[in-house]
Amino acid sequence: MTVADSGAVFPAVIEDERWNGFARPRFSRAAAEAVVAWLTDCHGAIAAAFDGEAVAITENAADRAERIEPGADGRYPIGAGAWEWELTTPAADVAAEQTLLAGAYRLAPEAGEVLVKINATGSDPGFPAQVDPVSGWSRSGTPRFRPDVAVVVVAWLNACGRQYPGATVAYWEGNTIMLLDPLAAIQDGYMPTQVVLEADGRYAIGADFEWERAKS
């Protein structure tokens with residue numbers, strides 16, 4: 001989660017229902033402590049501290065304190081239904097991603113693979129992938145990438161996201177790829193798409209992307 005273009009990022013669970021298009025997060029104790037520290041360091045108009053088990057937030061202009069008690073699950077709904085919390089991704093290592101992309105054009109298909117691409121910029125690389133021969137090829141097909149290619153696909157998605165705000169971006173949670181559509185994130189019930197490592201060691205990325213064959 002992030003709020004107000006701050007650049008600060010915190011993990012949370014969220015309610016299905018949005019508030020004016022913004023998420024309503026509930027933070028673990030550790031995450032709540034990080035939110036309190038961030039508020040203390042960065043927001044002169046707001047003071048925050050723990051008061052026993054509760055979080056006390058004071059808006060200095062109003063000279064009024066709000067106590068946020070943990071729920072039955074031990075989580076704190078800090079700013080839920082009041083602050084502009086948005087789903088986001090962890091801070092990307094842009095230099096590392098650029099290094100991956102610099103080698104994207106050297107990725108070669110292995111046996112049973114073809115090159116696929118999404119022609120977002122007109123100069124996008126092709127990525128080796130397997131395509132299900134039963135369903136045949138279509139723009140809406142889902143290519144399946146081996147892990148060394150999947151990491152480059154993730155880097156490419158993030159590069160496109162930086163160039164075109166609102167485009168789908170991605171990040172890794174262990175061995176799982178998380179796809180975040182910022183435009184859909186305002187909808188009730190939206191959660192990032194999880195792309196898991198399949199039994200044959202491949203990732204099926206972008207079932208609703210407009211993948212197409214790329215020239216070798």
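Between TRP172 and GLU84, the FRET efficiency from the beta-carbon distance, with R0 = 30 Å, is close to 0.70. Taking every protein chain into account, the accessible area of segment 117-210 amounts to 49 square angstrom per residue (probe 1.4 Å). A protection proxy built from the mean count of other Cβ atoms within 10 Å ranks the segments 15-24, 75-84, 185-194, most packed first, as 75-84, 15-24, 185-194.
In terms of the mean number of neighbouring beta-carbon atoms within 10 Å, the peptides 1-7, 93-99, 166-172 order highest first as 166-172, 1-7, 93-99. The simple Förster model, with R0 at 22 Å and r as the Cβ-Cβ distance, assigns ALA207 and ASN20 a FRET efficiency of 0.15. Phi-derived couplings, Karplus 6.51 cos²θ - 1.76 cosθ + 1.60 at θ = phi - 60°, listed residue by residue for segment 114-119: 10, 8, 10, 8, 10, 7 Hz, with x used for Gly and Pro.
Using a probe radius of 1.4 angstrom, the carbon and sulfur fraction of the accessible surface of the chain is 51%. Per residue, the accessible area of segment 1-41 comes to 49 Å² when a 1.4 Å probe rolls over the protein heavy atoms. Counting Lys and Arg as +1 and Asp and Glu as -1 over every other residue whose Cβ lies under 14 Å from the Cβ of TRP19, the net charge comes to -3.
Full extension of the segment from PHE50 to ALA120, taken as 0.36 nm per residue of separation minus the current Cα-Cα distance, would add 20.5 nm. Phi angles of segment 207-215 translate, via the Karplus equation with coefficients 6.51, -1.76, 1.60 and θ = phi - 60°, into HN-Hα couplings of 4, 10, 7, 8, 5, 8, 5, 10, 6 Hz per residue; Gly and Pro are given as x.
Within the shell of other residues whose beta carbon sits under 14 angstrom from the beta carbon of PHE145, the net charge comes to -2, with Lys and Arg scored +1 and Asp and Glu -1.
The values are calculated or read from the model by the stated rules, or taken from the named source; none is laboratory data. Not measured: the values here are computed from a predicted model. A quick note on method: Cβ atoms are made from the backbone with ideal geometry, for glycine too, and the neighbour counts reach across all protein chains shown. The area values use the complete protein model at the heavy-atom level, side chains included, leaving out ligands, DNA and RNA. Shrake-Rupley method; radii C 1.70, N 1.55, O 1.52, S 1.80 Å.
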